[in-house]
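The numbers here are math on the coordinates, done by the rules we state, and not lab data. Just so it is clear, the structure is predicted and the values come from calculations on it, not from any experiment. Because the Cβ atoms are built from the backbone with ideal geometry, glycine has one as well, and the counts that use them run over all protein chains shown.
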Amino acid sequence: MISLIAFNNVSKHYQMGDTLVKAADDISMEINPGEFVAIVGRSGSGKSTCMNIIGCLDVPTSGEYILKGENVGALNKNELAEIRNKMLGFIFQQYNLLPKLTVLENVEVPLMYAGLSKADRRKKAIEALDMVQLSDKLTNMPNQLSGGQQQRVSIARALAGDPAIILADEPTGALDSKTSRDVLGLLQELHKDGHTIVLITHDNSIAVTAERIIRLEDGYVIYDGPADAPEAMVISHHVLEGGAQS
């Protein structure tokens, strides 16, 4: 099977004053079509850097990021934007819905950027909202919905363009525990339907809803394997030394 996502010795370094910050350091990993993978780590572990690279929002300093056979690091900004529109569906912690648009119009936004006709946009948006059980809220405004409903709208928006990858960044961070379980259950259902999902989180209890965990610390991969394995819950050496884990 050809990998959907492949990091080949990917590093991302930033210069902050006189200090070289290694946000990601020589990371290699593969994610195959249809997998549900959680990338887990504390603040500063490198998980957000990996998310930005996977999402074509940033490019590696060195190494290769291959997305569906294409070397993303060699693309210009317009080409990166096109890949984001066509291949990636984003789910964010804060929903990022446009307050002056209806639920239906919010889901149509990425389809408009993709150049679909009005009729096709509407059809796909309604289908996506039906998948998240919100087809009765098409004309509602975001402020008329609960937090969980707003997050389901953002999931529908991510699904509408039939992306190769759904990239979920702390998708339950703004939700209460029951609503969080509902949203995670929906992601698991989407995975069962064949969607590839990459979940970014700092929370072990969220990560275990995936089938595989990639755990990062200080820019390195320290675990990559089944989510239900005992060693998946790696205890950071920072915690052992008495530090706090976010």
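Which strands (runs of 3 or more DSSP E) does the stretch 26-100 wholly contain that include 2 or more residues that are in contact (Cβ under 8 Å) with a residue 24 or more places away in the chain and closer than 30 Å to GLN144 by Cβ?
Details: elements: 36-40, 62-67, 88-91.
Filter on the stretch 26-100 gives 88-91.
The rows are residues; the columns are (1) hydrophobic (A, V, I, L, M, F, W, C); (2) buried (at least 17 other Cβ atoms within 10 Å of the Cβ).
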| site | (1), (2) |
| --- | --- |
| VAL21 | yes, no |
| ALA24 | yes, yes |
| ILE31 | yes, yes |
| CYS50 | yes, yes |
| GLY63 | no, yes |
| LYS68 | no, no |
| ASN76 | no, no |
| LEU88 | yes, yes |
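Are any residues in the stretch 184-204 touching a Lys or Arg at 6+ places or on another chain (Cβ under 8 Å) and surrounded by fewer than 23 Cβ atoms within 10 Å (Cβ to Cβ), and if so, which ones?
Correct list: LEU186, HIS202.
For the stretch 205-221, name all the residues that are in contact (Cβ under 8 Å) with a residue 40 or more places away in the chain, more than 16 Å from the chain's Cα centre (by Cα) and not in a loop (DSSP other than H, G, I, E, B).
GLU217, TYR220, VAL221 - these are the residues of the stretch 205-221 that are in contact (Cβ under 8 Å) with a residue 40 or more places away in the chain, more than 16 Å from the chain's Cα centre (by Cα) and not in a loop (DSSP other than H, G, I, E, B).
Go over the candidates PRO110, PRO99 one by one and state the one that is farther than 22 Å from ILE39 by Cβ, more than 19 Å from the chain's Cα centre (by Cα) and not hydrophobic (A, V, I, L, M, F, W, C). Give the derivation first.
Details: PRO110 fails: more than 19 Å from the chain's Cα centre (by Cα).
Just one listed residue meets the conditions, PRO99.
Of everything in the stretch 8-25, what is in contact with a Phe, Trp or Tyr (Cβ under 9 Å, 6 or more places away or on another chain) and in contact (Cβ under 8 Å) with a residue 24 or more places away in the chain? Give them in sequence order.
Kept after step one, since they are in contact with a Phe, Trp or Tyr (Cβ under 9 Å, 6 or more places away or on another chain), are these residues of the stretch 8-25: 8, 10, 20-25.
Across the stretch 8-25, the qualifying residues are ASN8, VAL10, LYS22, ALA23, ALA24, ASP25.
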